[in-house]
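The structure appears below as structure tokens.
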Amino acid sequence: MFIAHVELWRTYWESVSRPYTVFICSLTAALYYLWGRKCQTPALVSSKAFSVFLHKHCPVVAECFSPTPWCWGGRLQTLVCALLKSRPRVTYRNELIGTVDGGQISLDWVDNQSSAAYPECSTRPTVLILPGLTGNSQQSYVLHAISQATRRGYRCVVFNNRGVGGEELLTPVTYCAANTSDLENVVQHVKGLYPHAPVLGAGVSLGGMLLLNYLGRKRSDSGMVAGLTISVPWDAHKSSASMEEPLNWLLFNKYLTSGLCRAVTRHRKMLEKVVDVDYVLKARTIREFDERFTSLLFGYKSCTEYYHDASPYKKLPNTAVPILCLNAADDPFSPQNAFPLAIVQSLPNVALLLTAHGGHIAFLQGLFPRGESYMERVFGQFVQAVFEHPKDIMKACDIKEEKLS
Ligand SMILES: *[C@@H]1O[C@H](CO)[C@@H](O)[C@H](O)[C@H]1NC(C)=O
Ligand SMILES: *[C@@H]1O[C@H](CO)[C@@H](O)[C@H](O)[C@H]1NC(C)=O
């Protein structure tokens with residue numbers, strides 16, 4: 001009787017304990033994994049002095065970045081961010097400025113006249129925001145950036161690329177990542193209005209390529225005191241190769257290409273003068289679109305030549321202002337094999353902030369990642385560090401102030 005009892009208990013225990021043990025072990029492993037993911041401090045690649053400055057005035061660089069636990073991988077981060085992210089309310093004042101070729105550029109201003117920190121508008125620091133491919137001032141990352149900057153008392157202006165800001169195309173010219181003429185125009189215009197207000201350029205994705213190409217071309221004559229890029233593709237060839245992987249094509253490339261095509265359809269009458277619109281609209285990838293449209297419009301012999309010219313990593317050594325670049329290693333648009341680690345290590349004025357996770361323009365944190373994310377904190381803190389400690393940052397980046405204009 002007793003023996004039978006023990007046997008019964010043993011079988012009972014074995015049948016219960018095995019799944020139980022497996023469950024406990026998996027739970028522990030999962031928690032351990034999450035915890036491990038949770039506490040990853042991003043890598044900061046920069047000179048010692050720039051790193052010291054950032055740790056002091058932009059402490060988010062030393063914080064653990066914990067991606068949203070249920071949001072695995074760069075693709076999911078990117079998708080969830082696009083679907084879920086909140087949209088802070090922003091009221092713009094639109095301004096159209098003319099260009100020498102007879103075109104026009106649409107700027108969206110947030111003047112922040114009620115700024116307590118900078119009541120005088122002639123010296124109020126200004127953040128110039130450059131959105132990504134097909135993006136404009138209505139993108140949620142732009143709205144969040146504006147909310148970060150205006151709450152600190154700064155002014156913002158969004159440079160909408162030609163043809164995407166809701167304005168008419170007056171000439172058959174749109175935009176590309178390599179041609180900085182429109183950005184030059186915009187900076188001149190902003191500096192003309194407020195010559196004594198410092199300007200920081202902040203570029204997201206393609207906007208970051210444009211910004212770095214501009215800063216490389218203009219060197220110490222850029223009219224900007226600093227630059228910030230988020231999820232910038234460093235090498236257009238490698239980015240388009242990554243975007244043409246089947247899953248990335250299906251999730252992102254296809255969608256962006258149709259966005260590009262929609263803009264062409266919208267301005268069909270004007271663009272028909274210079275390209276075969278029906279052929280352009282058959283493009284299935286961004287690269288095909290750039291082959292049939294962008295490189296033609298901007299006088300490149302081929303898309304390869306355009307991508308070569310547009311890739312910003314080579315331009316970094318010519319830049320002459322402090323620049324912070326935030327990228328995620330799992331960004332499907334900006335593969336990490338193109339991160340310019342060696343180049344940046346040799347430069348006093350550029351810092352790369354690299355997270356293991358975060359995707360493209362996502363960097364979602366917390367269980368319900370609708371509000372402020374890591375990327376917004378980096379943006380807000382860096383902008384403030386630049387505007388509130390101008391002498392310190394110039395010194396940390398080994399820049400002689402009289403050289404800047
Ligand atoms: C302007 O800046 C102040 C901080 O000085 C902020 O509280 C206010 O909300 C800003 N205004 C707008 C329109 O964003
Ligand atoms: C940009 O493109 C326009 C029109 O094709 C051209 O006139 C201009 O020189 C280009 N600018 C740069 C900086 O490449």
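The values are calculated or read from the model by the stated rules, or taken from the named source; none is laboratory data. These numbers were taken from a predicted model, which means no experiment stands behind them. Every residue, glycine among them, receives a Cβ derived from its backbone with ideal geometry; neighbour counts consider all protein chains shown.
Structure notes:
- The residues listed here are 298, 289; of these, the one that is of a type in the set (Phe, Trp, Tyr), farther than 30 Å from residue 67 by Cα and in contact with a Leu (Cβ under 9 Å, 6 or more places away or on another chain) is 289.
- Check on residue 158, assigned by TED's automatic domain parsing to the domain that holds residue 317, away from ligand 1 (no atom under 16 Å from the Cβ), crowded, with 20+ Cβ neighbours inside 10 Å and at negative phi: no
- Here residue 242 fulfils each of the conditions (1) within 16 Å of ligand 1 (Cβ to nearest atom); (2) touching a residue at least 60 places away in the same chain (Cβ under 8 Å) apart from (1).
- Conditions (1) in a helix (DSSP H, G or I); (2) more than 16 Å from ligand 2 (Cβ to nearest atom); (3) touching a Ser or Thr at 6+ places or on another chain (Cβ under 9 Å): number failed by residue 293: (2)
- Across region 358-379, not a single residue is classified as in the same structural domain as residue 68 (by TED's automatic domain parsing), closer than 18 Å to residue 227 by Cα and more than 14 Å from the chain's Cα centre (by Cα).
- The residues listed here are 212, 228; of these, the one that is within 16 Å of ligand 2 (Cβ to nearest atom), modelled with pLDDT of 95 or more and either part of a loop (DSSP other than H, G, I, E, B) or crowded, with 24+ Cβ neighbours inside 10 Å (or both) is 212.
- Taking (1) outside any helix (DSSP H, G or I); (2) touching a Cys at 6+ places or on another chain (Cβ under 8 Å) in turn, residue 368 satisfies each apart from (2).
- First in region 92-112 and among the hydroxyl-bearing types (Ser, Thr, Tyr), second anywhere and within 16 Å of ligand 1 (Cβ to nearest atom), Cβ under 7 Å, 6 or more apart: 92/108; 92/109; 92/110; 92/137; 106/94
- Restricting 347, 326 to residues that are closer than 18 Å to residue 228 by Cβ, in the same structural domain as residue 394 (by TED's automatic domain parsing) and surrounded by fewer than 23 Cβ atoms within 10 Å (Cβ to Cβ) narrows the list to 347.
- Residue match in region 297-311 (condition: crowded, with 18+ Cβ neighbours inside 10 Å, touching a Gly at 6+ places or on another chain (Cβ under 7 Å), hydroxyl-bearing (Ser, Thr, Tyr) and over 23 Å from residue 149 (Cα atoms)): no
- Scanning region 344-358 for residues that are over 18 Å from residue 86 (Cα atoms) and in a loop (DSSP other than H, G, I, E, B) yields 346, 347, 348, 349, 356, 357.
- Qualifying position, being outside the structural domain of residue 176 (by TED's automatic domain parsing), assigned to a helix (DSSP H, G or I) and within 24 Å of the chain's Cα centre (by Cα), among 279, 306: 306
- From 114, 137, 122, residue being in the same structural domain as residue 222 (by TED's automatic domain parsing), more than 14 Å from ligand 1 (Cβ to nearest atom) and surrounded by fewer than 24 Cβ atoms within 10 Å (Cβ to Cβ): 122
- Of the criteria (1) within 22 Å of residue 149 (Cα to Cα); (2) of a type in the set (S, T, N, Q); (3) buried (at least 23 other Cβ atoms within 10 Å of the Cβ), which one residue 381 fails: (3)
- Which numbered condition residue 361 fails, given (1) part of a loop (DSSP other than H, G, I, E, B); (2) surrounded by fewer than 24 Cβ atoms within 10 Å (Cβ to Cβ): (2)
- Being over 28 Å from residue 331 (Cβ atoms) and more than 16 Å from ligand 1 (Cβ to nearest atom) is a property that does not hold for residue 163.
- Residue within region 313-323 that is closer than 26 Å to residue 63 by Cα, more than 16 Å from ligand 1 (Cβ to nearest atom), modelled with pLDDT of 95 or more and not hydrophobic (A, V, I, L, M, F, W, C) present: yes
- For residue 169: the one exception among (1) more than 13 Å from ligand 2 (Cβ to nearest atom); (2) more than 27 Å from residue 90 (Cα to Cα); (3) in contact with a His (Cβ under 9 Å, 6 or more places away or on another chain): (2)
- Any hit, region 178-186, residues being more than 13 Å from ligand 2 (Cβ to nearest atom), crowded, with 19+ Cβ neighbours inside 10 Å, touching a residue at least 12 places away in the same chain (Cβ under 8 Å) and over 23 Å from residue 94 (Cβ atoms): no
- Meets criteria (over 24 Å from residue 384 (Cα atoms) and either touching a Gly at 6+ places or on another chain (Cβ under 7 Å) or away from ligand 2 (no atom under 16 Å from the Cβ) (or both)) for residue 248: yes
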